[in-house]
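**Student:** Structure incoming, see below.
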Amino acid sequence: MISHPSRHCTVELQALPSRIGQVRRIVSAQLRYWHMDPLIDRAALGVTELLSNVHRHARPDKSCTVELELLVDRLTVSVRDHDPRLPVVADTTDASPLATCGRGLAMVAAMSESWGARPDGDDGKVVWFTLPAAPSTAQRQPARSPRPVVEPQPVPRLTEVQPAPAPVAAAPTPVVAHASAAAPAPARSAVPG
């Protein structure tokens, strides 16, 4: 289910790897619709990390809600799940440089303006991050390039070229017409006669 009134978008899903890619595309499309293209990469990266954490760690299920809220100067992206345990940022100083997991929240913290987590009643939590949205960016419509002005080009005039006079020969040469094998055959009727 997707709802998107003016500057608010909510997506409910199961945080499964196949669905995470779909939500990235939804987030990207929504930000394009809001003319917030400069925020797409960071918002998509952040929501991917938060949904990956739900997929890896959330209990008892993987159902969650992604919410985008665009205010005048800030985009807030949040993920609500049913696991009341608050996330812990892993210490990445001892992690291998080639490690493929364990950096999600550290990455969210590094690329966002702010982030946090809060309990959501007795049965869940909300993890969120914000990105700055310049007032001029949030209100501005996309710049449309003006149609190119095409100057009319002068049309070259075709002039009839007169053939050069043939040299005078002592005796006229006979002209013989030959049928070519590539000449088209006469048209035939498709209706039997």
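Every number in this text was worked out from the coordinates using simple rules, so none of it is lab data. What you see is a predicted model, and the numbers here were worked out from it, not measured in a lab.
**Student:** On full extension of the chain, what length is gained from Glu69 through Ser114, given 0.36 nm per residue of separation minus the C-alpha to C-alpha distance?
**Tutor:** Extra length from Glu69 to Ser114 when fully extended: 14.8 nm.
**Student:** Here is a further query. For region 114-124, just list the computed ³J(HN,Hα) in residue order, Karplus coefficients 6.51, -1.76 and 1.60, θ = phi - 60°, integers in Hz, with x standing in for Gly and Pro.
**Tutor:** With coefficients 6.51, -1.76 and 1.60, one gets 7, 7, x, 9, 9, x, 10, x, 8, 10, x Hz.
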